[in-house]
1. If I model a spin label as a point 7 Å beyond the Cα along the Cα-Cβ vector, how far apart are those points for THR66 and ARG45 in nm?
2. So if each residue of separation counts as 0.36 nm, and I subtract the Cα-Cα distance between ALA26 and THR80, what length gain in nm does that give?
3. When all protein chains stay in place, what accessible area (Å², nearest 10, 1.4 Å probe) is found for HIS27?
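The values are calculated or read from the model by the stated rules, or taken from the named source; none is laboratory data. Source: prediction; values computed, not measured. Glycine gets a Cβ as well: all are built from the backbone with ideal geometry, and neighbour counts include every protein chain shown. Areas reflect the complete protein model, heavy atoms only, side chains present, ligands, DNA and RNA absent. Shrake-Rupley method; radii C 1.70, N 1.55, O 1.52, S 1.80 Å.
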Amino acid sequence: DKCLVFSQWDGMLALLSKAFDANGIAHRRLQGALKLEASLDGFKREAGVRALLLPPRSGANGLNLTEAQHVFLVEPLLNTAVEAQAAGRVHRISLEACSL
């Protein structure tokens, strides 16, 4: 399974990235416009990449990530519309959204 992990704090995404590295979980982190294409391509095409870490402001803006089956919201968002749109990036019947 692949998952999307949303946090509105860049520091939290960096911390999660370090934790994934320490536990041998292949992932990509969406940060900056220059790395957007490479991060998305790696997440979509590389079978071993299990997670995509991204802020909701990037993840909610028109991305269609049908490769993921799970969505994790590290902290609840104040804007529930943005939260719903971010989780909506995964268009699967088995969508599972949960807050950590």
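1. Reported label-point gap for THR66 and ARG45 is 1.8 nm.
2. On the way: separation 54, 0.36 × 54 = 19.44 nm, distance 2.93 nm.
The ALA26-THR80 span can extend by a further 16.5 nm.
3. So the heavy atoms of HIS27 present about 20 Å² to solvent.
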